Amino acid sequence: MAMKRNEKMLLCGTKDGILISSKINKEKSYEFNKSYYIFDDEITSISINEKLNMFAVSSRDGFINLYIDPSFKLVRTISLNKNKKEKNELLLYADHIFLSNYPLACLTIYNNSKRLFKSYTINGEFICKINESDESSKIKCPIIYTNNSFQDILLYGTNDGFIKMRKFPEMTIVNSIPVFKGKEINSICISPDKKCCYVWSLNNVIAVIKDSDLNKNI
């Protein structure tokens with residue numbers, strides 16, 4: 001699911017490749033708006049960027065569709081397996097997809113099993129790929145925010161207790177903090193002024209990441 005806050009609309013993906021949009025009505029409850037059959041396989045992730053007026057949707061068979069928001073007009077489709085050579089090679093797909101716009105309008109995917117980030121321009125041109133550390137696989141509770149240097153940052157937890165920050169589009173590490181080393185991160189919340197980030201794990205302790213760590217010089 002993903003929320004379009006400016007239009008109070010919720011986008012949901014289904015296992016049979018259908019994208020469903022629902023609007024908040026006057027009674028502040030969701031009502032069905034439209035549905036679109038866009039893939040032949042399960043929808044794995046949705047990312048909305050209101051500054052770009054675009055959203056991206058990914059499927060388990062390795063396709064990514066990029067749409068104009070709010071018209072739902074398809075801009076392009078990217079295949080993550082276009083250059084796959086071996087028949088028995090596992091298909092790459094996006095467990096997470098991210099749309100960012102500073103300093104470059106781009107989309108980035110992350111695959112849990114391969115521990116792999118891949119970035120593309122919104123025109124579909126490949127930018128780079130980079131691997132997460134061997135200790136981490138799943139990224140937890142990812143958040144995109146823009147720091148004081150007008151750089152889009154991906155902030156997320158890991159299953160080995162770290163909070164990490166990577167800058168778009170190269171996805172290089174900006175900061176890595178061992179908040180609950182060895183324990184999986186379960187929830188992350190960043191304050192509206194981006195001065196604090198609250199992190200929770202199953203050990204019933206809340207950690208606070210301060211402004212200087214969120215806006216570390218790059």
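The values are calculated or read from the model by the stated rules, or taken from the named source; none is laboratory data. All values reported here derive from a predicted model rather than from experimental measurement. Glycine also receives a Cβ, built like all others from the backbone with ideal geometry; neighbour counts cover every protein chain displayed. Ligands, DNA and RNA are stripped out before the accessible areas are found, and what is left, the full protein with its side chains, is counted by its heavy atoms. Shrake-Rupley method; radii C 1.70, N 1.55, O 1.52, S 1.80 Å.
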Nitroxide proxy distance, nm - points 7 Å out along Cα→Cβ at Glu170 and Thr14: 4.4 nm
Listed residues Glu170, Glu184, Glu31, most fluctuating in the chain (Gaussian network, C-alpha, under 10 Å): Glu31
Non-local Lys pairs in region 130-218, i.e. 8 or more apart or on different chains, that have alpha carbons under 20 Å apart: 25
Debye equation applied to the C-alpha atoms of the chain, log10 I(q)/I(0) at 0.08, 0.12 Å⁻¹: -0.29, -0.68
Region 144-218-region 13-67 distance, computed between alpha-carbon centres (Å): 27 Å
Heavy-atom accessible surface of the chain: percent carbon and sulfur, 1.4 Å: 50 percent
Choice from Asn101, Asn186, Asn203 showing the highest fluctuation, given a GNM over the chain with Cα pairs closer than 10 Å: Asn203
Kirkwood Rh, Cα atoms: Rg over Rh of region 50-172: 0.96
Derived scalar couplings ³J(HN,Hα) [region 49-60; Karplus, 6.51 cos²θ - 1.76 cosθ + 1.60; whole Hz; x for Gly, Pro]: 10, 6, 6, 7, 6, 9, 9, 10, 10, 10, 10, 5
Amide hydrogen neighbours beyond the local backbone of Asp69, cut-off 5 Å, H modeled: Met54, Phe55
Charge dipole (debye, nearest 20) of region 56-194; +1 at Cβ of Lys and Arg, -1 at Cβ of Asp and Glu: 240 debye
Other-chain or far-sequence residues with amide H under 5 Å of Lys195's (modelled H): none
Whether region 1-90 is rounded, prolate or oblate, judged on the alpha carbon gyration tensor where a/c under 1.5 counts as rounded: prolate
